[in-house]
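Report on the structure given below.
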Amino acid sequence: MRDTRRSRLQLLPLFGLLAALLLPLGVTFAPPAAAAQAAEPVRIMPLGDSITGSPGCWRAVLWNQLQSAGYTDIDFVGTLGPQGCGQPYDGDNEGHGGELVTNVADQNLLPARLAATLPDIVVMHFGTNDVWSAIAPDRILAAYTRLVEQMRASNPDMRILVAQIIPMNPSSCTGCAQRVVDFNARIPEWARTTSTSRSPVSVVDQWTGFDTATDTYDGVHPSASGDEKIAARWYPALAALLDAGAGDPGDPQDPGDPEDPGDPPACTAAFRAVSSWQGGYQGEVTVTNTSASALSGWTATVVPAAGARLTQVWNGTLGTAADGTATVTNASWNGTLAPGASASFGFIASAPATAGTPSATVTCTARTASS
């Protein structure tokens with residue numbers, strides 16, 4: 001991380017030298033107040049329900065990852081304090097156990113919390129209780145929109161990270177697992193239409209690779225391994241926002257400088273099997289922008305195992321090589337991805353009857369507007 005305080009701190013010895021030279025002449029010299037003060041930290045609000053706040057130890061893991069990487073000018077904020085996670089960290093948060101995002105929107109609860117904490121960035125994992133309560137995705141997303149409007153009323157430059165929520169499979173809710181899948185599928189398009197250049201909304205995939213059997217202790221709330229996975233998904237998206245807002249105008253490492261080409265476009269791809277039957281299966285691939293700038297398009301490469309072949313694709317355009325390797329290029333509506341945002345496409349594959357559990361190796365390449 002570039003140290004945004006460097007040029008400010010480098011001025012202080014110069015002020016001291018000038019003061020020493022001018023003092024014999026009876027001239028006093030005071031440095032500007034801005035140079036003598038430390039930079040204001042970036043204020044980050046973790047927002048959600050018990051997965052975020054009770055105790056939400058992924059926040060402790062994330063905080064210490066950021067600190068270790070040099071992101072020290074940050075302040076986690078919220079009207080709630082830490083609940084203990086076995087390690088020192090900034091535990092302020094806005095994760096209210098049992099809350100529904102629809103209730104927070106309907107009851108207008110967020111504005112007072114924003115006014116008390118004044119965040120610059122919101123990290124939101126919200127909606128688990130709504131999904132459990134079988135509230136329709138349209139209504140949950142309308143609540144999301146209301147909260148974003150309130151965030152922007154508090155800070156027109158608010159930067160917002162929104163999770164595709166972790167899987168849920170409690171014994172008391174047999175329909176919850178599929179309802180999470182259905183809700184998460186709606187989030188990328190909602191984010192695309194809600195995001196603005198001044199106040200971007202980025203999607204962070206917290207669903208892929210998260211296993212309720214091993215990463216939760218009750219089918220809902222993350223265990224220690226779940227906390228590690230959640231923090232690992234938030235980290236690159238949050239670091240990209242912090243980097244995008246960092247750097248002095250004269251810093252030669254600033255991506256805005258002509259001599260610095262910036263980071264190349266990058267993305268990751270993750271595969272999951274949705275369902276399978278003798279002779280085939282349905283799969284899904286999620287592409288995530290891992291670079292610090294927006295992507296204008298992406299292409300995923302899918303190499304199915306055990307002789308399987310992709311036969312149908314939706315939310316993308318399919319090309320297939322003779323050896324069965326498939327390339328899927330984004331559709332017209334899901335190619336633009338903000339930093340940390342994700343898009344998914346689905347497919348049907350045919351497979352030998354003896355193929356076993358579906359699997360595939362997936363990679364992706366990213367394009368920017370100029371590439």
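The values are calculated or read from the model by the stated rules, or taken from the named source; none is laboratory data. No experiment lies behind these values; they were computed from the predicted model shown. Heads up, the Cβs are rebuilt from the backbone with ideal geometry, glycines too, and the neighbour counts pull from every protein chain shown. For accessibility, only protein heavy atoms count, side chains too; no ligands or nucleic acids. Shrake-Rupley method; radii C 1.70, N 1.55, O 1.52, S 1.80 Å.
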Check the range 177-195 and report whether any residue there is at pLDDT 95 or above, assigned to a loop (DSSP other than H, G, I, E, B) and under 24 Å from Leu110 (Cα atoms). no
Look at the range 307-352 and say how many of its residues are loosely packed, with under 14 Cβ neighbours inside 10 Å and aliphatic (A, V, I, L, M). 2
Trp277 versus (1) modelled with pLDDT of 85 or more; (2) open to solvent by less than 50 Å² (accessible area, probe 1.4 Å); (3) over 19 Å from Ala237 (Cβ atoms): which is the lone unmet condition? (2)
In the range 81-129, anything open to solvent by 40 Å² or more (accessible area, probe 1.4 Å), among the aliphatic types (A, V, I, L, M) and touching a residue at least 12 places away in the same chain (Cβ under 8 Å) is listed as Ala115, Ala116, Leu118
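Would you pick out the residues in the range 154-174 that are surrounded by fewer than 16 Cβ atoms within 10 Å (Cβ to Cβ) and farther than 30 Å from Gly245 by Cβ?
Going residue by residue through the range 154-174, those that are surrounded by fewer than 16 Cβ atoms within 10 Å (Cβ to Cβ) are 156-157, 170-172, 174.
Result: Pro170, Ser171, Ser172, Thr174.
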With the requirement that a residue be polar (S, T, N, Q), farther than 27 Å from Ser225 by Cβ and within 15 Å of the chain's Cα centre (by Cα), what does the range 154-195 give you? Ser195
Go through the range 143-170 and report how many residues are part of a helix (DSSP H, G or I) and of a type in the set (Lys, Arg). 2
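Per-residue answers, yes or no, for (1) at pLDDT 95 or above; (2) under 24 Å from Ala39 (Cβ atoms); (3) basic (Lys, Arg):
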| site | (1), (2), (3) |
| --- | --- |
| Ile74 | yes, yes, no |
| Gln83 | no, no, no |
| Pro88 | no, yes, no |
| Asp92 | yes, yes, no |
| Leu100 | yes, no, no |
Per the filter on the range 136-153, residues crowded, with 17+ Cβ neighbours inside 10 Å and among the aliphatic types (A, V, I, L, M) are Ile140, Leu141, Ala143, Leu147, Val148, Met151
Is it the case that some residue within the range 56-68 is in contact with a helix residue (DSSP H, G or I) (Cβ under 7 Å, 6 or more places away or on another chain) and surrounded by fewer than 20 Cβ atoms within 10 Å (Cβ to Cβ)? yes
Among (1) in a helix (DSSP H, G or I); (2) touching a residue at least 40 places away in the same chain (Cβ under 8 Å), there is one condition Trp63 misses while meeting the rest; what is its number? (2)
For the range 196-213, how many residues meet the condition of being open to solvent by 70 Å² or more (accessible area, probe 1.4 Å) and more than 20 Å from Ala231 (Cα to Cα)? 2
Can you pull out the residues in the range 66-85 that are assigned to a loop (DSSP other than H, G, I, E, B) and either closer than 16 Å to Val42 by Cβ or touching a Cys at 6+ places or on another chain (Cβ under 8 Å) (or both)? Ala69, Gly70, Tyr71, Thr72, Asp73, Val77, Gly78, Cys85
